[in-house]
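This report concerns only the one structure given below.
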Amino acid sequence: MKKYFNKVLLQLIFTVSFLSLANAQVKKEASVNITGEITKPYVLTLSDFAKMPRVEIIRKDRDDKDHQYSGVLLTDLLIKAGATMGKELRGNNLTKYVMVEASDGYRIIFSLAELDPQFSDDKIILTNTMDKKPLPVADGPFRIIVQNETKPARCIKQVTSIKIGFAK
C-alpha cells in the first residue's frame, strides 16, 4: 500500500509541476528584446507597445491583396533605445546595422541609415495588427512591415529581437 501511495504522490507532484510550468509559459506577455550598440536596451512588451504613437501603412502581402497595418515606427523604437540617429549618424556610425530576428531564427538586416528620417522617407514599422485586427498567430504577435519594398521578404513575422551592431 505504501508503494502505491508513493507512486500516486509522485505522479501528483509531477502533474502539478508540469501544469504550473505550462501555465507560467502561457501567461508570459509577448515581447521584443531591443539590444546591441545602444545606450538604453529594453524589452518591449505588448502593453508598452499599446501606449506608443502609431502610424498606418497599406501594403500588398504575399496573398497579393492590400492590407492595412498599424504599428510603431522602427525609428521611434530605436530612438527610445538610444540608437545613434539624426545628426550623430555620420562617420563610423554609418556602418551600423539593425538585425531583426524571428522566433524560428529567420533574420533580416537594415542599415541604420535607411531607418533614419534624415536619410529616407520610407516607413518601416513594428506592428501587431492587420486590417484593424490582431495579427494571425502565424504572423505575430509582432511583425515588421516595410512600406515601399516590392517583395515582402523583409516583412518578417513573429519578431522576438531587434539588435543594433557595427558591420565589421
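FYI, it's all coordinate maths here, none of it is from the lab. Remember, it's a predicted structure, so these values are computed and weren't measured experimentally.
Quick notes on this structure:
- The alpha carbon centroids of the range 49-81 and the range 87-126 are separated by 15 Å.
- Across the range 124-135, rounded Karplus estimates of 3J(HN,Hα) from the backbone phi angles (6.51 cos²θ - 1.76 cosθ + 1.60, θ = phi - 60°) give 10, 10, 9, 10, 10, 9, 9, 6, 6, 10, x, 4 Hz, Gly and Pro being marked x.
- When the alpha carbon gyration tensor of the range 29-166 is reduced to an equivalent ellipsoid, the three semi-axes, largest first, read 23, 17, 14 Å.
- 23 Å Cα-Cα threshold exceeded, pairs from Lys60/Lys87; Lys51/Lys87; Lys40/Lys132; Lys80/Lys151; Lys60/Lys163; Lys132/Lys157: Lys60/Lys87; Lys51/Lys87; Lys40/Lys132; Lys80/Lys151; Lys60/Lys163
- Placed amide H near Arg59: partners under 5 Å, 5+ positions off or other chain: His67, Tyr69
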